[in-house]
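Worksheet: the structure to be examined is printed underneath.
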Amino acid sequence: MSGSTKHSGSLVSIDDVALADSSSLPSRFMALMLCFIPAFLTVLFGGVDNATWIFVSVFWAGLVALWAADAWTSGGFVINSSSLQIPVAGFLLIGLIQLLPLGGTVDGLGVSTTLSLDPYSTRFFVLKLIVYLTYFAACLAFVNNEKRLKKVVWFVGIFSAGMAFYGILQRLATPEGIYGVRTTAGSIPFGPFVNQHHFATFMQMAAGLTLSLLFSADASKERRILLAAALVVMGVATVSTSSRGGLLGFLGVVAFVLLLNLLGGRWSKREETKFASQRSFALAAATIAILVAVLGVVLLIGGNDSLLRGVGAVKADADLSSGRLHFWPIAWKIFLENPIIGAGLESFGVAFTRHDTWSGQFRVEQAHNEYLQTLADAGIAGFLCLMAFIGILFRKGLNTIAGADGFRRDAAIGALAGCFGVMLHSFFDFPLRTPSNAFFFLLLCAVATVAIKSEDAAPRRRRRSTAP
């Protein structure tokens with residue numbers, strides 16, 4: 001039976017066969033909120049302050065309320081049964097298990113302790129995971145047609161280009177703090193971000209979408225000029241952060257987009273085969289021209305030091321992030337002590353102190369390698385969840401690219417490229433621990449994988465279950 005009865009309490013599933021056309025007023029507000037939340041947190045220092053989560057909690061409640069209102073209006077809860085949500089739910093389950101009083105008792109007190117070495121941090125991270133999972137589920141469910149997809153993609157590109165331009169201006173002006181008011185002890189800010197390396201991650205995600213649209217066969221000359229300018233600004237901002245991991249991720253994004261366009265056979269479908277080699281040459285030449293333009297602008301504005309540090313030609317300043325060869329072996333030791341379920345989500349800072357041979361002047365809260373920290377915090381169980389998420393993401397993303405054309409294909413290539421850049425950067429940093437980056441990453445995962453209903457397709461719904 002197609003459709004659903006209004007207010008029947010049915011659960012509507014979106015999959016590759018049956019796609020919901022949720023166009024109610026609440027669903028339109030939902031789509032707006034999905035863009036507003038990461039943008040708001042980006043402006044508010046990336047959302048790294050715990051107090052910022054007061055706003056996030058309000059936004060989360062708003063998403064839930066709008067989702068319920070859409071269900072009341074359209075006659076059923078619209079969901080997407082994508083398997084990508086399972087690994088995220090797996091991390092949530094691991095965190096809940098770590099909070100159980102199974103860690104033994106305190107000597108002389110008889111008080112049960114949790115499996116997590118830092119239950120407060122684990123509890124707060126579990127709450128974050130609930131928000132992330134809700135947001136991700138909403139992205140998968142409500143970015144469900146081509147019109148919304150275009151709005152999301154162009155919003156990310158325009159907003160990111162604006163933030164990149166602001167970040168460059170701020171670096172040139174060298175104010176005493178972010179927006180001239182907030183100082184950052186122990187870290188180097190860039191743009192609105194407290195951590196310059198995590199701003200580079202933000203640029204990686206946006207650059208993938210921008211470059212993919214630039215290479216689109218349907219892009220006009222005027223649009224290509226604007227996209228190229230935006231991409232150069234993003235590249236300059238990335239280099240100006242002096243982040244080696246950020247530069248590596250950015251180059252990985254460019255290579256990923258170029259490779260998929262060269263190997264995907266997209267041009268041969270529209271033109272004669274003899275022109276395919278010419279198109280391939282044009283794509284490669286355009287990529288080189290953009291990279292040269294980025295290099296030229298960086299040198300023009302006096303970013304020599306940032307460029308040299310980014311490529312590793314000069315020794316980095318002695319900051320906390322320079323001690324990876326100290327952090328990584330300790331992360332491995334923490335994993336060996338807690339191999340199955342880890343020391344506790346976000347408990348690395350406490351577990352680290354057991355093996356730290358430094359003076360203890362600095363509190364090291366991250367391993368500066370997301371994969372090692374996942375092993376330390378969540379053990380083999382968490383690492384399997386991480387690998388499952390990556391595997392499902394690329395399988396679904398590549399299937400979407402293979403089965404789509406036009407803007408849908410370009411958006412999927414760009415979004416998957418941005419995710420690939422983040423994964424490269426995560427070998428040397430913890431970019432998704434900045435909340436705004438995490439929200440943008442989940443939004444890109446939805447753009448890369450969700451089944452999009454074309455604008456001229458008829459709406460079809462399938463009822464999964466009905467409340468009595």
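Karplus-derived 3J(HN,Hα) values for region 40-47, using 6.51 cos²θ - 1.76 cosθ + 1.60 with θ = phi - 60°, are 4, 5, 4, 5, 8, 6, x, x Hz; glycine and proline are entered as x.
Couplings 3J(HN,Hα) for region 217-234, derived from phi with the Karplus relation 6.51 cos²θ - 1.76 cosθ + 1.60 (θ = phi - 60°), are 5, 9, 6, 6, 4, 5, 5, 5, 5, 5, 5, 5, 5, 4, 5, 4, 4, 5 Hz, where x marks Gly and Pro. What's the local net charge at Phe383, with K and R +1, D and E -1, over the other residues with C-beta under 14 Å away? Its environment carries a net charge of -2.
The order of Thr113, Thr449, going from fewest to most other C-beta atoms within 10 Å of their C-beta, is Thr113, Thr449. Among the GluC sites (Glu not before Pro) found in region 143-242, those both in a DSSP coil and sparsely packed, with 15 or fewer other Cβ atoms within 10 Å of their Cβ, are Glu176.
Rule-based calculations on the coordinates, nothing more; no lab input. Bear in mind the structure is a predicted one, so any value in this text is a computation, not a measurement. Heads up, the Cβs are rebuilt from the backbone with ideal geometry, glycines too, and the neighbour counts pull from every protein chain shown.
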